[in-house]
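Student: Dumping the structure here so I can ask a few things about it.
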Amino acid sequence: MKIFIPFFLLFATLSVHAAELPGIPAFIDEMVARHQFKRAELVRVFRRAEQRPDVIEAISKPATLKPWPEYRANFVNRERIEGGLKFWQKNGAALTRAQREFGVPAEYIVAIIGVETLYGRNTGGYRALDALTTLAFSYPRRADFFRVELEQFLLLAREQDFNLLEINSSYAGALGIPQFMPSNFRKYALDYNGNGKVDILHEAADAIGSVANYFKHYGWRSGEPVALLASVADAQRLGVMTEVSPLLGWRTDAGVTPALKTDDVLPPAWLLDLTLENDKEYWLAFENFDVIMRYNISSFYALSVHQLAQALRDGRR
């Protein structure tokens with residue numbers, strides 16, 4: 001693992017240091033004992049880590065606090081559709097192969113990458129070491145989760161020979177073109193272009209194969225739908241929105257039917273209830289919708305990915 005520190009950083013005055021945060025000395029002890037890191041190297045690393053209050057602010061204001069139409073407009077728009085079609089054209093061979101090998105339609109792989117990083121253009125403006133250290137030791141609500149991710153990041157850096165002071169991420173520590181957390185990077189990222197190195201930070205083919213592998217691992221059902229717009233005859237009888245039910249049950253209880261007729265036998269679904277400016281919108285959400293939510297546990301997020309994927313698929317026709 002490279003611990004190269006640019007000369008100017010040795011004399012830079014950082015506004016907020018993280019090295020003295022409670023818990024870091026014990027964390028270093030664990031990394032030395034459990035993973036045989038060199039103590040002196042980790043001490044030097046954490047002396048250069050910054051505590052970032054803006055990370056705490058960002059993670060405390062999730063985008064899903066926005067109304068659905070405003071949230072959707074951020075991701076299902078001309079820029080992402082046109083960019084996605086270009087990304088698809090450029091990486092068509094890798095997408096076709098991933099669809100064949102993992103059963104995940106190409107449009108959903110492209111849509112995930114489009115929503116996450118605008119096809120690799122926006123992979124994060126925070127130093128990953130700073131973001132993960134701040135969340136692991138200054139964000140009690142999810143400190144245990146981010147402590148594990150910091151551990152995984154250090155292991156990943158050693159495996160990949162990363163310079164810890166140069167790798168950027170999202171405010172939550174997500175990395176690269178598909179925005180994998182470090183633990184997912186280590187578990188699901190693939191060398192999909194066969195060049196001998198797993199590189200989802202820079203290589204689109206590796207990102208494509210890795211997203212498909214991630215979805216397959218979490219149970220993507222090839223050939224099954226993700227979500228269908230629905231009409232509701234009796235909204236007063238809908239009951240609990242998160243309850244999964246066969247379509248016959250929804251149809252019998254509240255007159256729920258897909259907006260577009262289909263001869264396919266549909267699997268069980270749950271019903272999304274979205275508020276528009278002057279109306280309601282209903283969607284039947286299937287198992288593959290839940291798989292997308294493994295990426296981000298938000299129905300707004302998953303539906304945005306679905307709608308962008310459909311727009312991309314239509315654009316390819």
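Student: If you go through the stretch 258-286 one residue at a time, how many are modelled with pLDDT under 80 and in contact with a strand residue (DSSP E or B) (Cβ under 9 Å, 6 or more places away or on another chain)?
Tutor: Of all residues in the stretch 258-286, those modelled with pLDDT under 80 come to 259-265.
Add one more test, that the residue is in contact with a strand residue (DSSP E or B) (Cβ under 9 Å, 6 or more places away or on another chain), and what stays is 259-260, 262.
Number satisfying all stated conditions: 3.
Student: Something else about it: Which residues, counting only those in the stretch 170-209, are outside any loop (DSSP other than H, G, I, E, B), within 16 Å of Ile112 (Cβ to Cβ) and of a type in the set (S, T, N, Q)? Full working, then the answer.
Tutor: Step one: filter the stretch 170-209 for residues outside any loop (DSSP other than H, G, I, E, B), giving 175, 180, 182-188, 204-209.
Filter once more, so that each one left must be within 16 Å of Ile112 (Cβ to Cβ): 175, 180, 184-185, 188, 204-209.
Of everything in the stretch 170-209, just one residue is outside any loop (DSSP other than H, G, I, E, B), within 16 Å of Ile112 (Cβ to Cβ) and of a type in the set (S, T, N, Q), namely Asn184.
Student: Could we say that Val104 is part of a loop (DSSP other than H, G, I, E, B), modelled with pLDDT of 95 or more, surrounded by 15 or more Cβ atoms within 10 Å (Cβ to Cβ) and out of contact with any Gly (no Cβ under 8 Å at 6 or more places or on another chain) here? So that I can check it myself, show each step before the final result.
Tutor: Details: part of a loop (DSSP other than H, G, I, E, B): yes; modelled with pLDDT of 95 or more: yes; surrounded by 15 or more Cβ atoms within 10 Å (Cβ to Cβ): yes; out of contact with any Gly (no Cβ under 8 Å at 6 or more places or on another chain): yes.
Here the answer is yes, as Val104 does meet what is asked.
Student: Which residue out of Thr123, Thr134 is of a type outside the set (A, V, I, L, M, F, W, C), surrounded by 17 or more Cβ atoms within 10 Å (Cβ to Cβ) and closer than 24 Å to Val305 by Cα? Walk me through it before giving the result.
Tutor: Values: Thr134 fails: closer than 24 Å to Val305 by Cα.
From the options Thr123, Thr134, the qualifying one is Thr123.
Student: I've got another one for you. If you go through the stretch 210-233, how many residues are touching a His at 6+ places or on another chain (Cβ under 9 Å) and outside any loop (DSSP other than H, G, I, E, B)? If you could, list the steps in order and put the result at the bottom.
Tutor: Restricting attention to the stretch 210-233, the residues satisfying the condition of being touching a His at 6+ places or on another chain (Cβ under 9 Å) are 226-227.
Going one step further and asking which of them are outside any loop (DSSP other than H, G, I, E, B), we end up with 227.
Residues meeting the conditions: 1.
Student: Still on this structure, please answer the following. Quick one: which residue in Ala58, Ala98, Ala94 is surrounded by fewer than 20 Cβ atoms within 10 Å (Cβ to Cβ), among the small types (Gly, Ala, Ser) and part of a helix (DSSP H, G or I)?
Tutor: Details: Ala98 fails: surrounded by fewer than 20 Cβ atoms within 10 Å (Cβ to Cβ); Ala94 fails: surrounded by fewer than 20 Cβ atoms within 10 Å (Cβ to Cβ).
Answer to the selection: Ala58.
Student: Name every residue in the stretch 203-240 that is without any contact (Cβ under 8 Å) to a residue 60 or more places away in the chain and under 21 Å from Leu156 (Cβ atoms), in order of residue number. Quick ask: steps written out before the conclusion?
Tutor: Narrowing the stretch 203-240 to residues without any contact (Cβ under 8 Å) to a residue 60 or more places away in the chain: 203, 206, 210, 217, 228-240.
Once the filter is applied, which keeps residues that are without any contact (Cβ under 8 Å) to a residue 60 or more places away in the chain and under 21 Å from Leu156 (Cβ atoms), the stretch 203-240 yields Glu203, Asp206, Ser210, His217.
Student: Next question, about the same structure. In the stretch 10-36, which residues are among the polar types (S, T, N, Q) and at pLDDT 95 or above?
Tutor: Taking the stretch 10-36 as the starting set, the residues that turn out to be among the polar types (S, T, N, Q) are 13, 15, 36.
Gln36, the sole residue that qualifies.
The values are calculated or read from the model by the stated rules, or taken from the named source; none is laboratory data. Since we're looking at a predicted model, the values are computed, not measured. FYI the Cβ positions are ideal-geometry reconstructions off the backbone, even for glycines, and counts take in every protein chain you see.
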